[in-house]
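Quick notes on the structure that follows.
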Amino acid sequence: MTVSLTLLEKLHNLNQIVFYNFDMVNVPSEAFEIADDAPQNTRLSPLNTKLVKLMLDYDRPEYTDELVMAVIKYLALRLTSLKVFGAWIAFDAALASFIDNYKATYPHLVDLVFKLGMVE
């Protein structure tokens, strides 16, 4: 995952990207510290990017739903310019609760749309 984050920062003027077979190894430890109900004491630093649309396609049998959601939440907090986030996972009440609880600290979450599947 570190390679993907570096790529996004190096291509900071990129408007949209689709990651096919997104690699969810080397996920930063702070991704697993994000709770659904309460923002962290330390705010995650935003990535320097103008990315508006992001699609994550990944090897679904290889990764657990818990890992995928940790990555989605982590990216959603760090990609402050993001408006549409697509992934092959059902976004549930836990994600809605996460957004509701984090929107005061991360106001960009209010306008972020999560989609099941490909981003158009």
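Remark: for residue pairs Lys10/Lys115; Lys83/Lys103; Lys73/Lys115, the C-alpha separation exceeds 19 Å in Lys10/Lys115. The solvent-accessible area of Asp92, taken with every protein chain present and a 1.4 Å probe, is close to 90 Å².
Binning the C-alpha pair distances of the stretch 1-56 at 5 Å intervals from 0 yields a P(r) profile of 4, 15, 24, 22, 21, 11, 2 %, listed from the shortest bin outward.
Rounded to the nearest 0.05, the FRET efficiency derived from the C-beta distance between Val113 and Leu14 at R0 = 30 Å is 0.95. A helix-only calculation puts the chain at -8500 deg cm²/dmol for mean residue ellipticity at 222 nm, using -39500 (n - 2.57) for each DSSP H run of at least four residues, averaged over all residues.
Here, P(r) means the percent of Cα pairs in each 5 Å bin from 0 to the largest distance; for the chain it is 2, 11, 24, 27, 23, 12, 2, 0. Per-peptide packing, taken as the mean over residues of other Cβ atoms within 10 Å, places 67-74, 100-107 in the sequence 67-74, 100-107 from highest down.
The values are calculated or read from the model by the stated rules, or taken from the named source; none is laboratory data. Quantities reported herein were computed from a predicted structural model and do not represent experimental measurements. Note: ideal-geometry Cβ built from the backbone for every residue, glycine included; neighbour counts use all protein chains shown. Remember, those area values only see protein heavy atoms, side chains included, never the ligands or the DNA or RNA. Shrake-Rupley method; radii C 1.70, N 1.55, O 1.52, S 1.80 Å.
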